[in-house]
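The values are calculated or read from the model by the stated rules, or taken from the named source; none is laboratory data. Here the structure is a predicted model, which means the values were calculated and not measured. Virtual Cβ from ideal backbone geometry, glycine too; neighbours counted across all protein chains shown.
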Amino acid sequence: MKKIVIKKSKLQQIIFIFLSFLLANCSSEDSNTPQSTFAVQLEASSNNIAVDEPFTVNLSANEEITEAWISKNNFATGSYVDFNFGTNYNYYFNFDDIGPHTISVRARNKDNVTIEKSINVNVVRGNAIKINGIQVVTFNGINTVFDPEYPASNPESLADVVFGLSKPLIGLPYENVYTFKPWYRSEVLQNQGNLTWNCSSANLYLKPELSLYFGLADADGPNVGQDLTYSAGDYVEIGFLNYLATKPTTITYTFPAANLEFKVFVEWPN
């Protein structure tokens with residue numbers, strides 16, 4: 001059989017023609033693929049928001065949105081919507097910490113084209129108060145045995161006291177509804193300590209028109225404790241609205257039925 005020999009230059013020409021044919025086909029296929037015109041916009045009702053003030057972020061598109069994801073932390077965690085809601089939708093937010101925030105949305109159309117958009121808002125203090133500390137004056141069972149494995153003469157028998165605060169926040173961005181959420185948990189003061197906590201570095205800002213839930217407990221371990229407010233919900237409700245005119249820096253709350261008294265140290269805005 002006669003051996004066919006292709007010279008190197010001829011081989012290069014064949015390869016070049018073959019590659020050119022492939023590229024031509026790809027270009028032809030790409031030119032026949034319709035380009036998506038799906039476009040999405042985000043607009044905040046305000047870009048400068050006071051602490052705890054509600055605001056909206058409007059999501060709009062030139063086509064029907066079939067799915068959308070919403071996030072306040074670059075989708076480290078996020079919420080998901082899996083229903084059709086047309087071309088226009090409002091999300092509801094509020095923030096309780098001062099500074100810049102980014103809200104991101106990923107929207108998808110019926111052709112599974114997904115577009116991500118982000119918008120920046122800045123949170124300022126406004127008329128928010130700052131809670132700098134808490135001091136418990138008395139609670140039911142103070143200075144008595146909470147840990148019976150120790151004798152009453154041993155300080156280890158005293159309560160290991162911790163307090164917590166819950167505040168109203170917008171629970172879901174899909175509805176303008178406030179729900180109380182855990183906001184701050186103090187360190188545990190072993191054997192009662194001095195029953196005084198300095199919270200000034202925690203940046204606990206609160207719109208004074210809002211109320212707080214205050215809980216107090218004897219901590220017996222992680223997520224285990226005995227309620228010291230002796231109330232049905234394991235908390236008592238406190239407010240600041242009545243002090244807007246006088247602006248005291250120390251406010252005392254007393255609940256005689258629970259033998260509970262504590263002070264809140266407050267910084268008012270200038």
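The residue of the stretch 204-218 that is farthest from F240 (Cα to Cα), among those that are aliphatic (A, V, I, L, M) and outside any loop (DSSP other than H, G, I, E, B), is A217. With respect to the conditions (1) closer than 24 Å to G233 by Cβ; (2) surrounded by 15 or more Cβ atoms within 10 Å (Cβ to Cβ), G126 lacks only one, and its number is (1). Sub-8 Å Cβ pairs linking a first residue in the stretch 49-70 that is in the same structural domain as Y89 (by TED's automatic domain parsing) to a second residue that is surrounded by fewer than 17 Cβ atoms within 10 Å (Cβ to Cβ) and acidic (D, E), at least 6 apart or interchain, are V51/D97; V57/E43; N58/E43; S60/E43; E67/D82, ordered by first then second residue.
Among residues belonging to the stretch 233-267 that are small (G, A, S) and within 27 Å of the chain's Cα centre (by Cα), point out the one that is surrounded by the fewest Cβ atoms within 10 Å (Cβ to Cβ). Explain how you work it out, then say what you get.
Kept after step one, since they are small (G, A, S), are these residues of the stretch 233-267: 233, 239, 245, 257-258.
This time we only want the ones that are within 27 Å of the chain's Cα centre (by Cα), so: 233, 239.
Details: G233: 11, G239: 13.
Per the criteria, the residue is G233.
Which ones in the stretch 166-203 are assigned to a strand (DSSP E or B), of a type in the set (S, T, N, Q) and more than 15 Å from the chain's Cα centre (by Cα)?
T196, N198
Could you say whether any residue in the stretch 216-226 is touching a strand residue (DSSP E or B) at 6+ places or on another chain (Cβ under 6 Å) and closer than 30 Å to E53 by Cα? Yes. When restricted to residues that are assigned to a strand (DSSP E or B) and under 30 Å from T254 (Cβ atoms), the stretch 111-143 contains 10. Sort through V137, V145 and tell me the only one that's under 30 Å from F180 (Cβ atoms) and in the same structural domain as L228 (by TED's automatic domain parsing). After applying the criteria, what remains is V137. N270 meets the conditions (1) surrounded by 15 or more Cβ atoms within 10 Å (Cβ to Cβ); (2) more than 30 Å from A68 (Cβ to Cβ) in every case but one. The failed one is (1). Considering the stretch 204-232, and only residues there that are over 24 Å from the mean Cα position of the chain (by Cα) and loosely packed, with under 14 Cβ neighbours inside 10 Å, the residue that is modelled with the lowest pLDDT turns out to be V224.
Among all positions in the stretch 166-175, there is no residue which is in contact with a helix residue (DSSP H, G or I) (Cβ under 9 Å, 6 or more places away or on another chain) and of a type in the set (D, E, K, R).
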